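J.: Attaching a single structure in structure tokens format; questions to follow.
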Amino acid sequence: METLSQVVEKYLEANGIEDRFFADFIGCGRTKCSLWFKGKKRLTPEQLRKTHEFLAGKHLKSLDEIMK
């Protein structure tokens, strides 16, 4: 079974999204996120919630949001 960090890495790679965009979205410093991907740090409950939102596509903007 894959860890959440492995799933996120695959998602980012498959969609051409940079790690720093993900880190900014969940409110995680890049160093901490890098360590999380390596299994050396844990995310806060809020960062985990935001990670699940990210994987659900909440980071995408609708055309209406872009055109405003």
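The values are calculated or read from the model by the stated rules, or taken from the named source; none is laboratory data. Not measured: the values here are computed from a predicted model. Positions of Cβ are generated from backbone atoms using ideal geometry, with glycine treated the same way; all protein chains shown enter the neighbour counts. Side chains included, ligands, DNA and RNA excluded: accessible areas come from the protein's heavy atoms. Shrake-Rupley method; radii C 1.70, N 1.55, O 1.52, S 1.80 Å.
J.: Hey, what D do you get for the range 1-56 in µm²/s if you plug the Kirkwood alpha-carbon radius into Stokes-Einstein at 20 °C and 1.002 mPa s?
T.: 193
J.: Additional query: Between their Cα atoms, which of LYS38/LYS61; LYS41/LYS61; LYS10/LYS41 are more than 26 Å away from each other?
T.: Numbers: LYS38/LYS61 29 Å; LYS41/LYS61 29 Å; LYS10/LYS41 19 Å.
Result: LYS38/LYS61; LYS41/LYS61 exceed 26 Å.
J.: Also: Using Cα pairs closer than 8 Å and at least 6 residues apart in sequence, work out the relative contact order for the chain, in percent.
T.: Details: 33 pairs, mean separation 20.0, N = 68.
RCO, the chain: 29 percent.
J.: Could you calculate the FRET efficiency of LYS41 with ASN15 from 1/(1 + (r/R0)^6), where r is the beta carbon distance between them and R0 is 22 Å, rounded to 0.05?
T.: Working: r = 23 Å, r/R0 = 1.06.
The computed FRET efficiency comes out at 0.40.
J.: Name the aspartates and glutamates eligible as straight-distance cross-link partners of LYS50: C-alpha to C-alpha under 18 Å, and not fewer than 8 places from it in the same chain.
T.: Here the aspartates and glutamates satisfying the reach criterion relative to LYS50 are GLU9, GLU18, ASP19, ASP24.
J.: Can you give the accessible area per residue of the chain, in Å², using a 1.4 Å probe?
T.: Counting only protein heavy atoms, the per-residue value for the chain is 76 Å².
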